[in-house]
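For reference, the structure discussed in these notes is given below.
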Amino acid sequence: MILRGKRKACFTPHSDCGDNVIIINAEKVVLTGNKMTQKYYMRYTGYPGGQRTRTVAEQLKRKPIFVLEHAVRGMLPKNRLGDAIFRNLYVYEGPNHNHEAQKPEELKINTHKQYNK
């Protein structure tokens, strides 16, 4: 919602009115349930029998940035506007990033929701 600009009064669905978003500590992603072992990322090499799969745990070891970028890209529009909005997203593995000169504001998001059972 922040990347897209849906919380702003000037939001229009056909324009990019969102903010730039910097995500740090991508390797510390935690998923609920058994998604670390049961969720797969699939790709195809283009050759017969070339379908390759990786679990989320394997992908986090190899390239933790991909997990967050893939999730966010799936929430954006599937057109040129979505590509333009996606360029406003910056994901980093560790706590260091090179955007200190832009004076980013920290945004606290409650990721641990209390589920009533």
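Just so it is clear, none of the values below were taken in a lab; they were calculated from the coordinates. Owing to the predicted nature of the structure, the values given are computational and were not obtained by experimental measurement. Because the Cβ atoms are built from the backbone with ideal geometry, glycine has one as well, and the counts that use them run over all protein chains shown.
Along the stretch 77-83 the Karplus relation, 6.51 cos²θ - 1.76 cosθ + 1.60 evaluated at θ = phi - 60°, assigns HN-Hα couplings of x, 9, 7, 5, 5, x, 5 Hz to successive residues, with x for each Gly and Pro. Only beta bridges with both residues in the chain are counted; by DSSP, about 60 percent of them are antiparallel. Cβ-to-Cβ counts within 10 Å put Val30, Val72 in ascending order as Val30, Val72, the fewest first. Rounded to the nearest Hz, the phi-derived 3J(HN,Hα) couplings of the stretch 3-17 under the Karplus curve 6.51 cos²θ - 1.76 cosθ + 1.60 (θ = phi - 60°) are 5, 7, x, 6, 8, 8, 6, 8, 5, 9, x, 9, 9, 8, 10, where x marks glycine and proline. Summing +1 for each Lys or Arg and -1 for each Asp or Glu, what net charge is found among the other residues whose Cβ lies under 10 Å from the Cβ of Ile2? Once all neighbours under 10 Å are counted, the net charge is +3.
A Förster radius of 22 Å, combined with the Cβ-Cβ distance separating Met42 from Leu81, puts the computed FRET efficiency at roughly 0.25. In sequence order, the stretch 103-109 has phi-based couplings of 6, x, 9, 6, 10, 8, 10 Hz under the Karplus curve 6.51 cos²θ - 1.76 cosθ + 1.60, θ = phi - 60°, and Gly or Pro positions carry x.
Taking the Cβ of each residue in Arg52, Arg4 as the centre, tally the other Cβ atoms inside 10 Å and list the residues starting with the fewest. It would help to have the intermediate numbers written out before the result.
Numbers: Arg52 10, Arg4 21.
Listed from fewest to most nearby Cβ atoms, that is Arg52, Arg4.
Shown for Leu31, Leu107: other C-beta atoms within 10 Å of each C-beta, ranked fewest to most, produce the order Leu107, Leu31. Working from label points 7 Å from Cα in the Cα-to-Cβ sense, the Gln102 to Leu68 distance is 1.3 nm. Between the helical axis of 64-75 and the longest alpha-carbon principal axis of the chain there is an angle of about 70 degrees.
Under 5 Å between amide hydrogens, built in the peptide plane, is the criterion, and for Val91 it picks out Ile23 among residues at least 5 positions away or on other chains.
Counting lysine pairs in the chain whose alpha carbons fall under 18 angstrom apart, excluding pairs fewer than 8 residues apart on the same chain, gives 13.
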